[in-house]
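Novice: Here you go, one structure.
The values are calculated or read from the model by the stated rules, or taken from the named source; none is laboratory data. What you see is a predicted model, and the numbers here were worked out from it, not measured in a lab. All Cβ positions, glycine included, derive from the backbone under ideal geometry; neighbour counts span all protein chains shown. The protein model used for the area step is the full one, side chains on, heavy atoms only, and it has no ligands, DNA or RNA in it. Shrake-Rupley method; radii C 1.70, N 1.55, O 1.52, S 1.80 Å.
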There are 2 protein chains.
Amino acid sequence: MPIGRLIDALVGAPGQPRMTDTASLVAALPEGAVLTDPGVLASYRHDWARDPDAGMPAAVVRATCTADVQAVLRWACEHKVAVVPRGAGSSLSGGSTAVEGGVTLSMERMRSLRIDPATRVAVTQPGALNAEVKAAAAAYGLWYPPDPSSFEICSIGGNAATNAGGLCCVKYGVTTDYVLGMEVVLADGTAVRLGGPRVKDVAGLSLTKLFVGSEGTLGVITELTLRLLPAPPPACTLVATFPSIETSADAVVAITARLRPAMLELMDNGSINAVEDFMKMGLDRTAGALLVARSDAPMGASAFEIEQMADCCKLAGASEVFSTTDPDEGEAFVAARRAAIPAMERAGVLLLEDVGVPVPSLPALVHGVRAIAEACDTRIVLVAHAGDGNTHPIIAYPPGDDAAEARARRAFGEVMDLAIRLGGTITGEHGVGRLKAPWLPAQLGPDVMALTRRIKDALDPDGILNPGVLLTES
Amino acid sequence: MPIGRLIDALVGAPGQPRMTDTASLVAALPEGAVLTDPGVLASYRHDWARDPDAGMPAAVVRATCTADVQAVLRWACEHKVAVVPRGAGSSLSGGSTAVEGGVTLSMERMRSLRIDPATRVAVTQPGALNAEVKAAAAAYGLWYPPDPSSFEICSIGGNAATNAGGLCCVKYGVTTDYVLGMEVVLADGTAVRLGGPRVKDVAGLSLTKLFVGSEGTLGVITELTLRLLPAPPPACTLVATFPSIETSADAVVAITARLRPAMLELMDNGSINAVEDFMKMGLDRTAGALLVARSDAPMGASAFEIEQMADCCKLAGASEVFSTTDPDEGEAFVAARRAAIPAMERAGVLLLEDVGVPVPSLPALVHGVRAIAEACDTRIVLVAHAGDGNTHPIIAYPPGDDAAEARARRAFGEVMDLAIRLGGTITGEHGVGRLKAPWLPAQLGPDVMALTRRIKDALDPDGILNPGVLLTES
């Protein structure tokens, strides 16, 4: 059934009273698990995407165990009610935005987490934060690499649902590279175990990998088995300024052809100036681009790798190159990169883009974004996980200015159009969610959308799982 | 339709004449693409699994382009004929064993291959050999890591279809970690492009990952976009002998908790003796286990890592530890490990197992395999990618001895039963194919099998794609 019609049938047109019968849901779950207080419901409408079209849920369920999740899905399957799985609500693309009259299924209470040091895995419930997984692993001298910028406040279940990335991905890969197994509850309430604590396992279809990045549209993850690495050695850090984006992109290509940096971040002129306005770090306001790179090669080899990277930067035309083996000094450079978002928050409300292109197309993307900013009369600065070609144009508009917001949202869409034209992706690590779903067909084409729909229909025939995410309609 | 019934309907019971009408297939393809000569057909019946139940194909198509593959699948879809995709035919689990009356679709002529050094990808047709991809990348100073032992003779398409592993996977991951995109022809002949030359891309479901490891049951891969890394520095190598499997497993756990070796291979007493019989290298025939480890950390750091690994081995109780920075000397140690299979080939026909367990369960697996060998009165020696817990018990039986073959096949199954009991997998890197399909339900359970079937039916409703692989019946 088309999702729009399904929801209309259940809850009437927007603005009409909700008709979802939550009494039977309350009866199906432990006392206190189902919340229907209007104030509480309102607090679960939005995630960080602040979608103005967010619905009001009929109920919020704070599950405490797999059985709770199964009960919700059995009930939702029977009553044909939409279920929106929600971790920490930090989605930037509306992946956990509430559906009108649906159930928002929060994982915030499912946070148990244990480390098995011999097998080098973490076994965690989805509500644990990324930072909690990292800390638990660190207590055993182990390391969970994926590091979205929001790692202190985002949930590990949301990371798996979106296949989240981060800064260290250029060397260490993304979330899917660390998910060895999971328990997932299907649309009909069946709980299945996929994979397990085995780095190599090709028995059967790659179902674990299919659920990673499925954004809650195929099932609800209730447990994850994550691969851990030994903690890396202390890193050396390099910062280089370039007269232009082109020269910095040349340096990125040269560096990644020679070695594997543990971080390779880029700031454009706009983000350099935004951070300098904010922090007064003495950054070169005239620079076309700034790169921050790291090596964590063991035992002195990091200084050697940094030297190689410095050579690449100089050959590409860097105007200044500075490197340090001092961790605090290195952290200061990375802090400049991380400060781009708080710096821009001072300029207004943010729309965070997440488009990616092949690395050689970075200059075309950066110039194109600048042209879009001018055409839309909106402010856009750009930071990027440059080694991956994954960029974050940060769009800011003054709060309460509807015309400015409309121009910003137009720019948001045009940036995606540009990325697609450049052979890129509309999302490198944030997910499609609701905000980007209208652009997905332009990237994937009708045949891949049809294939996606076939899998969705096979696993969620009633379309109750996170309707409107990934797929805008039946 | 159940595959068994589908095939029966088309070709009658085994032994009856084939009824597949190949004339219309010949007409649908370029001249010379379709082979029906009985001698040629017979040469495509088997792969390296030498399945005694292999069928006789009605035709072999040697495709030269995506359009040929589409024509075959359109024809097969219309006529409800089974299609067995085939790369180099080196499957050890019967993944490209012919189906009676079906079409074997060979990729051996689809071998074009190009490297894009700036984007650091290889774009290759499926018939190119793994070694050809490695060589093409190396010409640009780049590296395609996955290294199945058969890399000189196995096809890259087969690698992707099985999610092949290898020796360097302990540090560098398996095939799926390198497949950024693909073109795949679906059961109805539609060709779709998935992913692309982007390391980070979360736009839509992880379809690329779903097709990797699907063993030709969901579609036929016609092009791959593969991520390349910079070539690694020269490696240092360590070899250590241990009084027991237990002490060697302790060393593996200790090493992988501290650092990331570029190789961590194990030989048991049986394989040490088989190799010593074969090569007279002076290996310690009394050793319970031998480890071969490598570090490829840059600029002298590899010697430091090897020292750390040596410490781990000594602390775990190694009786002898030797290391070298000399590449030739290092290669000799690795050659001993690689010689286990040719050494055992002198003892008879081989059945190569591929079971995996969590690393701490390695001793239980090794002892269990020894007990199975005794109980089945068959010879089994064991080598392992120990850092991954992925083991290859090598079963040998005298050619032409039917009773010995039956005992060997019983042992083959019992080793899988054992791996499942130990929380492991029936296949770490070879694939399920036909040989292991009967054991898959015991590992995955009925709910995961049902989920697998739902996806299979959604993508291949007539069951024409590699029937009998992964799923034994409808």
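Novice: Look at A:ASP296 and say whether it is acidic (Asp, Glu), more than 13 Å from A:ILE255 (Cα to Cα) and buried (at least 17 other Cβ atoms within 10 Å of the Cβ).
Specialist: For A:ASP296, the condition - acidic (Asp, Glu), more than 13 Å from A:ILE255 (Cα to Cα) and buried (at least 17 other Cβ atoms within 10 Å of the Cβ) - is met.
Novice: While we're looking at this one, here's another question. What residue, among those in segment A:421-442 that are over 17 Å from A:GLU215 (Cα atoms) and hydrophobic (A, V, I, L, M, F, W, C), is surrounded by the most Cβ atoms within 10 Å (Cβ to Cβ)?
Specialist: Per the criteria, the residue is A:LEU422.
Novice: Quick one: B:GLY445 ticks every box in (1) over 19 Å from B:ARG50 (Cβ atoms); (2) open to solvent by 10 Å² or more (accessible area, probe 1.4 Å); (3) touching a Leu at 6+ places or on another chain (Cβ under 7 Å) except a single one, so which number is it?
Specialist: With (1) over 19 Å from B:ARG50 (Cβ atoms); (2) open to solvent by 10 Å² or more (accessible area, probe 1.4 Å); (3) touching a Leu at 6+ places or on another chain (Cβ under 7 Å) applied to B:GLY445, the lone miss is (3).
Novice: If you don't mind, another one. How about segment B:170-275: which strands (runs of 3 or more DSSP E) wholly inside it have at least 2 residues that are in contact (Cβ under 8 Å) with a residue 60 or more places away in the chain and within 13 Å of chain A (Cβ to nearest Cβ)?
Specialist: The strands (runs of 3 or more DSSP E) meeting that bar are B:179-185, B:220-227.
Novice: Name, by its number, the condition in (1) part of a loop (DSSP other than H, G, I, E, B); (2) surrounded by fewer than 24 Cβ atoms within 10 Å (Cβ to Cβ) that does not hold for B:ILE115.
Specialist: (1) is the only condition that B:ILE115 fails.
Novice: Counting only residues that are of a type in the set (Gly, Ala, Ser) and within 7 Å of chain A (Cβ to nearest Cβ), which one in segment B:410-426 is farthest from the chain's Cα centre (by Cα)?
Specialist: B:GLY423
Novice: Would you check which residues across segment B:325-346 are touching a helix residue (DSSP H, G or I) at 6+ places or on another chain (Cβ under 7 Å) and of a type in the set (A, V, I, L, M) and list them?
Specialist: Correct list: B:ALA336, B:ALA339, B:ALA340, B:ALA343, B:MET344.
Novice: Out of (1) within 26 Å of A:PHE151 (Cα to Cα); (2) open to solvent by 30 Å² or more (accessible area, probe 1.4 Å), the odd one out for A:GLY39 is which?
Specialist: Exception for A:GLY39: condition (1).
Novice: Of the residues that make up segment A:427-445, is at least one more than 7 Å from chain B (Cβ to nearest Cβ), more than 23 Å from A:ALA396 (Cα to Cα), of a type outside the set (A, V, I, L, M, F, W, C) and touching a strand residue (DSSP E or B) at 6+ places or on another chain (Cβ under 6 Å)?
Specialist: no
Novice: Can you find, within segment B:451-473, the residue that is surrounded by the fewest Cβ atoms within 10 Å (Cβ to Cβ) among those that are at the interface with chain A (Cβ under 8 Å from one of its Cβ atoms) and among the aliphatic types (A, V, I, L, M)?
Specialist: B:ALA458
Novice: If you check B:PRO438 against the conditions, is it touching an Asp or Glu at 6+ places or on another chain (Cβ under 9 Å) and not assigned by TED's automatic domain parsing to the domain that holds B:SER96?
Specialist: The answer is no for B:PRO438.
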